[in-house]
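Each remark here refers to the structure printed beneath this line.
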């Protein structure tokens, strides 16, 4: 018990004094996840809109596939990407394994079905008159889509925040395709796993506090967004 108290004190000291190694890990983690969410959001919203407003054959089947992918373990995605990017794999010549780019791709694979499923739910709940009015006025399809997306912007923002919270807290993908290389691919979750396995709890606790604070801020902001949505409804 005393040892954990000492480790906690050390963790707080590392956070407050701006420990360079600790904050480089935090910044790397945020950088990778921000890139993943920014690159994933536009195509995911287009797919979600198409599923919510399209009548093409197999529409419900595609939606069911995306909903099923929500429960895929991150280590499975990491393993699949590892097989694809390893030297013997089909994309081995790209030499992306154990790079931040591979981590971004893996987090995009994890995030895409989340954004599509939650985006579909938000778009499907939109007032149909918005789309009908836009079409009646002769607006092009892309303007109609943007109009509908703007109408449900709070629901879509909630989907994006949920996706970001999911990818920044995952460990399987980052460990499998990132390699946990200090200063290059070591992020918050892989650093926590490494440090605690070595019995060095101070950095792990400090990084855990960062994740807890992030979770609290995301939850608070989601609550605010949902409140705004109810006001504008």
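Quick note: the coordinates plus some simple rules give every number you see, no bench work behind them. Note that the structure is a prediction, hence the values are computed from the model and not measured. With ideal geometry, Cβ positions are generated from the backbone for all residues, glycine too; neighbour counts draw on all protein chains shown.
What separates the Cα centres of the range 66-84 and the range 93-113 is a distance of 12 Å.
Please give the helix 100-124 orientation as an angle from the longest Cα principal axis of the chain, in degrees from 0 to 90, rounded to the nearest 10. The two axes meet at around 40 degrees.
Label separation (residue 68 vs residue 136): 4.1 nm, computed from points 7 Å beyond Cα along the C-beta direction. Gyration tensor analysis over the Cα atoms of the chain returns equivalent ellipsoid semi-axes of 38, 23, 13 Å (largest first, whole Å).
Just to confirm my numbers, what's the Cα centroid distance between the range 1-55 and the range 176-220 in Å? With the range 1-55 and the range 176-220 each reduced to a Cα centre, they are spaced 9 Å. Label positions at residue 60 and residue 30, each projected 7 Å from the Cα along the C-beta direction, are separated by 4.5 nm.
Pairs of Cα atoms under 8 Å, at least six residues apart: use those to get the relative contact order of the range 57-142, whole percent. Relative contact order of the range 57-142: 28 percent.
Between the Cα long axis of helix 141-151 and the first principal axis of the chain there is an angle of about 60°, rounded to the nearest 10. Contact order, relative form, for the chain: 31 percent (alpha carbon pairs under 8 Å, 6 or more residues apart, mean separation divided by residue count).
Computed from Cα positions, the angle between helix 20-53 and the longest principal axis of the chain comes to roughly 20 degrees. Per-residue ellipticity at 222 nm, computed for the chain from helices alone with -39500 (n - 2.57) per DSSP H run of at least four residues, works out to -25500 deg cm²/dmol. Scoring 79-86, 141-148, 67-74 by mean Cβ neighbours within 10 Å over their residues and listing the highest first yields 79-86, 141-148, 67-74.
Spin-label pair residue 226-residue 39: with each label point 7 Å from Cα along the Cα-Cβ axis, the two points sit 3.1 nm from one another. Placing R0 at 22 angstrom, the Cβ-Cβ distance between residue 121 and residue 46 gives a FRET efficiency of 0.90 after rounding to 0.05.
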